[in-house]
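Below is one structure, written out as structure tokens, with a few remarks after it.
Nothing in this text is a laboratory measurement; each read-out follows from the coordinates by a stated rule. Given the structure is predicted, the values throughout are model-derived calculations rather than measurements. Backbone-built Cβ (ideal geometry, glycine too); neighbour counts: all protein chains shown.
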Amino acid sequence: MINFDNSYARLPAHFYAKQTPVPVAKPEFFARNQDLAAEIGLGPIDVDDAAYFGGNKIPQGATPIAQAYSGHQFGGWSPQLGDGRAVLLGEIITPQGERRDVQLKGSGRTPFSRGGDGRAWLGPVMREYLVSEAMHALGVPTTRALAAVTTGETVVRDTPLPGAILTRVAASHIRVGTFQFFAARGDLDALGLLRDHVMERHYPDASDTVALYKAIIEKQAKLIAKWMSVGFIHGVMNTDNMSISGETIDYGPCAFMDDYQSGKVFSSIDRNGRYAYNRQADMGIWNLAQLGTALLPLMGEDTDAMIEVATAALHEFPDIFQTEWDRLFLRKIGIDDAQDGDKDRVVAFLKILEQTGSDFSNSFAALATDTPETLLPRSSEMTTWLSDWRDRVTDPVTVLQATNPAVIPRNHQIEAAIQAGVQGDFKPFDVLGRVLGTPFEFAETNQEFAIAPNKEQEVTQTFCGT
Ligand code: AMP
Ligand code: MG
């Protein structure tokens, strides 16, 4: 590996713990993302490189660290989190001059592991690989998956399971919880250094802390609108899982909706539906309020005045979110020149989907075909909707095929790929990954993956399964 430059490791020592990955018995690739490797300037990943991706060898120039952070988990404050099963090898500068973190996830215990074993089992590694790469292909900002290995070791969850390590690439791994970590300790020097680091790295146009806060709010509002537009439910939007750069991060219990239910929850641990599909914007605001609180001491001397400034900035979120939501969902019905009444068309369509228990993605994809009525639920409401829509929208097929994905990462298909992977068969994983790489291809060969699950196949719950 080449070109490491570790700006985070140059920050003061209490930002992280120096930590090398704990070697594993037998690292073997089951996935290598050669396209991403080329994109970030790594060059082809060779089979013999598995030792690096399993943490048995450290690439030259890397300074492995586990990053410190805090976070609100399901609303409750956890003062001490941090990378408990991951190490940041370092940052590489891409040929485009962009800085990218390279992190091993599942790489062994760190000082932040608390009771955990620092490991990951194969299932969540496969899930994150497939879903994060699918999100990228769908045009949603996200961390990426560079490679994944099995470790040749067993990790014990409910039962013994094969261990695995994911190599994740991100603009950075700085979270809302990273700011909270220093704010909660009253460490204003560190808070200021972190702000400067983030401004230089992610928001060079922000002139001060308030401008930075506003820029982060805008990024998150637009990101969450994008999630909504593809039916994505993050599932664990804790403040330690909200990236400052505006990328989607942490694919624990995430899921794409099959049938449209506005209040859909998948995560087994989200008992109160805190992170339900239709609550994600509100939870984004909640998290950003925590960020505002953390940044407040840097905003200015007059705390009361700054609370007003920060509050006003946060109150921009709903508008930014709604404008982006409108834009994206109007495009999903083939409209990019909004007129009065268009938004009602979107809302009405969604309502019919919810009432008829129809598949979210496939119903929108149906609009991209020549004969939507043969694919959409048969109801008098839908017939009326379609005839009104046809009057409004002319020739939507081409634009809609570039907007509404034909394939999304469906839970039942991911589960099937994982089950095969546990048996040592990675063919279903490879095939699914390939199909998800071109989600807007309405090709015959992808049809199998476009089919919504039947009742027996449907996955109704996801597990963090770390
Ligand atoms: P997450 O639910 O993935 O956001 O993780 C929350 C916290 O738990 C983070 O500090 C993780 O590093 C830590 N954690 C999760 N799984 C493990 C594990 N197997 N071993 C050690 N720490 C873990
Ligand atoms: Mg996390």
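Mean sequence separation of contacting Cα pairs (under 8 Å, at least six apart), scaled by the length of the stretch 5-121, corresponds to a relative contact order of 27 percent.
The H on the amide N of M242, modeled in the peptide plane, is under 5 Å from the matching H of V176, G177, each at least 5 residues off or on a different chain. Helices in the chain that qualify as membrane-span-like (whole DSSP H runs, Cα extent of at least 15 Å along the helix axis, mean Kyte-Doolittle hydropathy of 1.0 or higher) are 303-314. Give me the distance between the Cα centres of the stretch 386-400 and the stretch 62-139, rounded to whole Å. So the two Cα centres are separated by 43 Å. Placing a label point 7 Å from the Cα of D5 along the Cα-to-Cβ direction, none of the residues of the stretch 248-272 has a backbone N under 12 Å of that point. The packing ranking, built from the mean of other Cβ atoms within 10 Å per residue, places the peptides 281-288, 442-449, 33-40, 360-367 in the order 360-367, 281-288, 33-40, 442-449, highest first. Which of the lysines could a cross-linker span from K226 if the Cα-Cα distance has to be under 20 Å and same-chain partners fewer than 8 positions apart are dropped? Filter leaves K214, K264, K332, K343, K351. Once you have a ≥ b ≥ c as the square roots of the Cα gyration tensor eigenvalues for the stretch 319-410, tell me rounded if a/c is under 1.5, and otherwise prolate or oblate according to whether a/b is larger than b/c. Note, shape of the stretch 319-410 comes out rounded. Put simply, when 42-49, 3-10 are sorted by average Cβ atoms within 10 angstrom per residue, most first, you get 3-10, 42-49. One decimal place: the segment D430-Q355 gains 23.4 nm when fully extended, by the rule 0.36 nm per residue minus the C-alpha distance.
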